[in-house]
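Visitor: Would you mind keeping the following structure in view while I ask a few things?
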Amino acid sequence: MRHIPRKRFGQNFLVDPRITEDILRAIHPRRDDVMVEIGPGLGALTRPLLRSLNHLHVVEIDRDLVERLRGEFPEEKLTVHSADALAFDFSTLGKNLRVIGNLPYNISTPLLFHLSQFMDYILDMHFMLQKEVVARMVAVPSTPDYGRLSVMLQCRFKMEQVFIVPPDCFRPVPKVESAVVRMIPHRQLVAADRETSFASIVAAAFSQRRKTLRNTLRDYLKPEDYEVLGIDSGKRAENLSVAQFAAIAEHVNEMM
């Protein structure tokens, strides 16, 4: 049966088999992998994944697609979780998860932050996202794309853009290009009990990009603190590395 894409779910379905093959080569699924696909949609990735895996989990919010998937694939091969990925507890699926998905543009950033809570359970993640979002994720300091998203994700993940996906590979055709990004958890630069203050400091620093740190972080640091940290207060947030933001958070917590 024909499925009409729903705007409220941000549905743009992948229809180009060449891109599907490129994604499979990038993730190299192995038979015993514990893999979960977010937003399987019409199954463009689901079908080839099941040819390589013993079993696959999928998380789908659209109830019509849930029923369609359950009717097409046997339960022993595919477990369909009828749920909103933004509220789904990925820890219930076990350890060493490999997460994949063509993420809706309208929820991609909050979903990435939600998944960050489960990094101890995740082996790697591969997502198709809006190209501009991926550019911000992998950006380096002192570049226009480097910002809050870059810092908050890079403190948890090593990331790289894998390849670009043109708009005509989807139906309906989006107005923007997409890109596939690889995310691998690494040793977190910020301790668990420092995460809240780290997030607040990063948000404050980037709240007014053109202002210097002495202005944006005046509620956190005094002139002498910059000397201790070895950071120039005349710099802007975009000039600091993730490690420097982590050092600021550590210093602020030590003073509390």
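The numbers here are math on the coordinates, done by the rules we state, and not lab data. From a predicted model like this one, the values you see are computed outputs, not experimental measurements. Positions of Cβ are backbone-derived with ideal geometry, glycine not excepted, and every protein chain shown enters the neighbour counts.
Visitor: What does the charge dipole of segment 1-160 about its Cα centre add up to, to the nearest 20 debye, if the Cβ of each Lys and Arg holds +1 and the Cβ of each Asp and Glu holds -1? Let's see the in-between values first.
Guide: Values: 21 positive and 20 negative charges, 47 e Å.
In total the dipole reaches around 220 debye.
Visitor: Something else now. In the chain, which whole DSSP H runs stretch at least 18 Å along their own axis (Cα) and average 0.0 or higher on the Kyte-Doolittle scale? Don't skip to the end; give the middle numbers.
Guide: Details: long enough: 242-255 (20 Å, 0.54).
Membrane-span-like by this rule: 242-255.
Visitor: Compute the distance from the alpha-carbon center of segment 29-90 to that of segment 93-140, in whole Å.
Guide: 17
Visitor: Would you list H114, H126, H186 from fewest to most Cβ contacts within 10 Å?
Guide: Details: H114 16, H126 19, H186 13.
With the sparsest Cβ surroundings first, the list reads H186, H114, H126.
Visitor: Cut-off under 16 Å on the C-alpha distance; same-chain residues fewer than 8 positions from K131 excluded. Which lysines are left, in chain and number order?
Guide: K175
Visitor: Okay, moving on. Gaussian network model of the chain, Cα springs within a sub-10 Å range: biggest mean-square fluctuation belongs to which of E224, E21, E60?
Guide: Checking each option, the largest mean-square fluctuation is seen for E224.
Visitor: Sort K131, K211 so that the residue with the fewest other Cβ atoms within 10 Å of its own Cβ comes first and the one with the most comes last.
Guide: Working: K131 19, K211 14.
Lowest to highest Cβ neighbour count: K211, K131.
Visitor: Which one of F157, Q208, H251 is farthest out on the positive end of the charge dipole of the chain, using unit charges on Cβ (Lys, Arg +1; Asp, Glu -1) and the Cα centre as origin?
Guide: In the chain, that residue is Q208.
Visitor: Rounded if a/c is under 1.5, else prolate if a/b is larger than b/c, else oblate: which is segment 192-255, with a ≥ b ≥ c the root eigenvalues of its Cα gyration tensor?
Guide: Cα axes put segment 192-255 in the oblate bin.
Visitor: Also, I was wondering about something else. Given a 10 angstrom Cα cut-off, can you work out which residue in A44, A192, A205 is the most mobile in a GNM of the chain?
Guide: Looking only at A44, A192, A205, the largest GNM fluctuation is found for A192.
Visitor: Moving to a separate point now. Looking only at the chain, where both bridge partners belong to it, what percent of the DSSP beta bridges are antiparallel (to the nearest 5)? Don't skip to the end; give the middle numbers.
Guide: Working: 17 of 37 bridges.
Antiparallel bridges make up about 45 percent of those DSSP assigns within the chain.
Visitor: Just how large is the dipole of segment 63-139 about the Cα centre, in debye to the nearest 20, putting +1 at every Lys and Arg Cβ and -1 at every Asp and Glu Cβ? It would help to have the intermediate numbers written out before the result.
Guide: Details: 8 positive and 10 negative charges, 42 e Å.
Using Cβ point charges on Lys, Arg, Asp and Glu, segment 63-139 gives about 200 debye.
Visitor: Which of the lysines could be linked to K211 by a straight reach, that is with a Cα gap under 18 Å, when you skip same-chain ones fewer than 8 residues away?
Guide: Correct list for K211: K222, K235.
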